[in-house]
Amino acid sequence: MAGLTSTNQPSLKRQPWLGRQLRNDLRAYLFLSPWIISLLVFTAYPMLASFFFAMTSYTIVNPPEWVGFANFQRMFFADPLFWTAVWNTSYYTLVSVPLSLLVALALALLLNQAVYAIGFFRTVIYLPTLVPGIASGLLWVVLLNPRSGLVNATLELFGLPRLGLLQSADW
């Protein structure tokens, strides 16, 4: 044992086959991969496909036929509805959006003030956001009613038994 020194002993530490920085980078790319894949599939591919189809004459039944910038030339110079659409979009963007944002900000500031019956005013302002959810819930209750619901009436029309979709824990 006296002849063994620390330099003669084999290293107990494993040497990784990848460097630490490369392993960290690969781990980061692994965690980023769902976002990168969705970016490529849902953003980059549709943009490139749109650019390609804008340069072609394409119908669903026939393959695309390359026409270059002819579609853009027709859109800018021969289609009168294009400039109407540009005007309407510009007007909406420059007038309607800022105006609605200002109204929303003013309402938010007013509803944050300490005034008499502020709870009533907050309820009146917030109520329209609740109505669609309540209406759709009531619609499903009416559709799935075991006695007179549209779903059970349709099942009975085909000779199937009525179901207690809202009453039975099994369903």
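Scanning the range 107-116 for residues that are closer than 15 Å to Tyr126 by Cα and either assigned to a helix (DSSP H, G or I) or not polar (S, T, N, Q) (or both) returns Leu107, Ala108, Leu109, Leu110, Leu111.
Name the residue that is surrounded by the fewest Cβ atoms within 10 Å (Cβ to Cβ), counting only residues in the range 47-58 that are touching a strand residue (DSSP E or B) at 6+ places or on another chain (Cβ under 9 Å) and not hydrophobic (A, V, I, L, M, F, W, C). Quick ask: steps written out before the conclusion?
Step one: list which residues in the range 47-58 are touching a strand residue (DSSP E or B) at 6+ places or on another chain (Cβ under 9 Å), which gives 55-58.
Cutting the leftovers down to not hydrophobic (A, V, I, L, M, F, W, C) gives us 56-58.
Working: Thr56: 14, Ser57: 12, Tyr58: 16.
Here the answer is Ser57.
Looking across the range 24-36, not a single residue is of a type in the set (Val, Ile, Thr) and open to solvent by 100 Å² or more (accessible area, probe 1.4 Å). Within the range 95-114, no residue that is without any contact (Cβ under 8 Å) to a residue 12 or more places away in the chain and surrounded by fewer than 10 Cβ atoms within 10 Å (Cβ to Cβ) sits with its Cβ atom under 8 Å from a residue that is in a helix (DSSP H, G or I) and not aromatic (Phe, Trp, Tyr) at 6+ positions apart or across chains. If I go through the range 59-69 residue by residue, how many of them are open to solvent by 90 Å² or more (accessible area, probe 1.4 Å) and of a type in the set (Val, Ile, Thr)? Here the count works out to 2.
Scanning for something touching a helix residue (DSSP H, G or I) at 6+ places or on another chain (Cβ under 6 Å) and in a helix (DSSP H, G or I), does the range 121-141 turn up at least one residue? Scanning the range 121-141, I find no residue that is touching a helix residue (DSSP H, G or I) at 6+ places or on another chain (Cβ under 6 Å) and in a helix (DSSP H, G or I), so the answer is no. Please go through the range 125-147 and give me each residue that is surrounded by 11 or more Cβ atoms within 10 Å (Cβ to Cβ) and farther than 30 Å from Arg162 by Cα, ordered by number. The answer is Ile125, and nothing else.
Just one residue in the set Val151, Val86 is touching a helix residue (DSSP H, G or I) at 6+ places or on another chain (Cβ under 8 Å), part of a helix (DSSP H, G or I) and either in contact (Cβ under 8 Å) with a residue 40 or more places away in the chain or open to solvent by less than 60 Å² (accessible area, probe 1.4 Å) (or both); that residue is Val151.
The values are calculated or read from the model by the stated rules, or taken from the named source; none is laboratory data. Everything quoted here is computed from the prediction, not taken from an experiment. Neighbour counts run over all protein chains shown; Cβ positions are idealised from the backbone, glycine included. Heads up: the accessible areas ignore ligands, DNA and RNA and are worked out on the full protein's heavy atoms, side chains in. Shrake-Rupley method; radii C 1.70, N 1.55, O 1.52, S 1.80 Å.
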